[in-house]
Amino acid sequence: MANLEEITPPNLSPEIVLFHILPRLPSKSLLRSKCVCKQWRSFLTSPLFAKIHLHHVTAVDRHHDLKVLYLHVWPCAFRTIDCEARSVSKIRRYPFARCATVTTSTVNGLVCMGMQPCPGKWENTDEFSDMIIWNPLTGEYKTLSTPIDTKCYSNKALAFELYYTCSDDDYKILSITTDRNVYVYSLRSDSWRKLESTLDHEDRIPYYAAAGDRNLLDDEKLHFLWPLEINRRYVVGRLDLKTEKFTKIAVPPSCGYVRLRLTVVRRGWIELTIFDIAAPLTWTIQTWRMNGDGSDWTNMVNTSYYCALSSLRNGSLLVVNRNGICNVDVEKNTKDRNFQNPPHDLDSRMYIETFVSPNRFHLY
Amino acid sequence: MSKKTLTLMSKDKQLFNIEEHLAVQSVTIRNMVKEDGASSVIPLPRVDSETLALVIEYLNRQQAPEEDEDYVKKFVDERGEIPTLLELAQAALDLDIKKLMDAACMKVADLIKDFTLEEVREALRIENDRTPEEEKAIRDEFQWAF
């Protein structure tokens, strides 16, 4: 057996450690590892490392160490819940001196939030003072440039989706205003652009957006739940980001639902959670999977849990019920032990820890 | 007809024989074979004989494809010493044997993830070139991670 003395530096290339071992460390170890030496510090803060690490944590074929964190947001502080290790982080303050009002969406470890100016003072206003894209792991954040249309920052703008597009390696935000105008913010150019929307004025506004696959948006399509009429009926709609056209693609299976949520869009699959309040005092959740064009719906699981949070990579479903968070095995329809009291804010988001910098296109 | 055999030579000039169809799981060797037929000895100047013996043991495995994943995991688990694993990972990287490299790196990451800074430096033979002030600055910024 070789001992330490026998490893001679020329035998071990820095490549093996930097490119292949470091990206496999848990995020907490990586933050600590910045102290190891100067080379590690500069590598761990580089865009190259962020890219390699992101590839590791999102790769479909990895079986190990999937970290799905539950971002629990308060006006001035936040914590995360590691749904797999079943641990809750310490409460941490935001690095910015403002209050977050709404967490709109997350992708690749970045979180898009609507802000209001006064720290420590909670006011319910209709408009965000500004919006930020923030990485809760590294603490880096970026305040977005002011939109051309102030209605973009109205918290009544129902669709607000942060997503990533592979083709131009950019992070974008889609915003649909109450006037049915559609805007796209690009992080790369830090600017807003109006889309030639094909939304009809008769149409209600699509909402509950769900970006794909947490999140490589290969086919550049965003999916929505689209209210059809007043009577709680919805259709699944999609915005093709290349042609910039909205289409209604499929009506979900009929039932007496009160609330729906698109939980996750995977390659070729769209998962839809339906909260059914048909029987008094009992909530049931149906989870359906739809293939790409909506011609085929499969009922995956029916449970009496509060809310499905996300599909985990092993195929189980993460749900919140009255007693806590637990995993449901979709195939066997069994659940494991609950942990933690349920967070009351059902709008908290699933999130993965990455080193992607919101300032990656702009040196600060 | 007997199967074609290749000869690999380690850094310390030891020779190892391996059947060609097994050796070409290494993309590096496959390319060498394609280019010049590799009739003679293939020198591997960065791999020592102990590590090469391990690599050959891995390449010679007789596993059904569906058990391969478990096999490679067990294979690296049984060699749980960091120096050995680093050598193995490096050899697998040089020889382009992806599964073996992934498993060896994963195992190293697993072993060092809860190490103290000093233990990490010692295990990976890294010199501490940080001043205590610099270290404190990082500690203060990411206090919750320590």
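Taking every residue in A:19-29 and counting other chain Cβ atoms within 10 Å of its Cβ, the average works out to 6. Using R0 = 41 Å, the C-beta based FRET efficiency linking B:GLU66 and A:ILE148 works out to 0.15. Adding -39500 (n - 2.57) for every DSSP H run of four residues or longer, then dividing by how many residues chain B holds, sets the calculated 222 nm ellipticity at -16500 deg cm²/dmol.
Among the residues of B:80-90, the average count of other protein chain beta-carbon atoms within 10 Å of the residue beta-carbon is 4.
For the stretch B:56-70, 3J(HN,Hα) computed residue by residue from phi via the Karplus equation (6.51, -1.76, 1.60; θ = phi - 60°) reads 5, 4, 5, 5, 7, 4, 10, 9, 5, x, 6, 9, 4, 4, 5 Hz, glycine and proline entered as x. Around the amide H of A:SER191, modelled in the peptide plane, lie the amide H atoms of A:SER186, all under 5 Å away and 5 or more residues distant in sequence or on another chain. The calculated FRET efficiency for B:LYS4 paired with B:GLU141, based on their beta-carbon distance and R0 = 51 Å, is about 0.30. For the listed residue pairs B:LYS13/B:LYS34; B:LYS4/B:LYS98; A:LYS90/B:LYS113; A:LYS38/A:LYS142; A:LYS34/A:LYS194; A:LYS142/B:LYS73, the alpha carbons are over 30 angstrom apart in A:LYS34/A:LYS194; A:LYS142/B:LYS73. Listed by Cβ neighbour count within 10 Å, with the fewest neighbours leading, B:MET101, A:MET131, B:MET106 appear as B:MET101, B:MET106, A:MET131.
Take each residue in A:37-45, count the other chain C-beta atoms within 10 Å of its C-beta, and the mean is 3.
No lab work stands behind these numbers, since they all come straight from the coordinates. No experiment lies behind these values; they were computed from the predicted model shown. We place every Cβ from the backbone using ideal geometry, glycine too, and count neighbours over all the protein chains shown.
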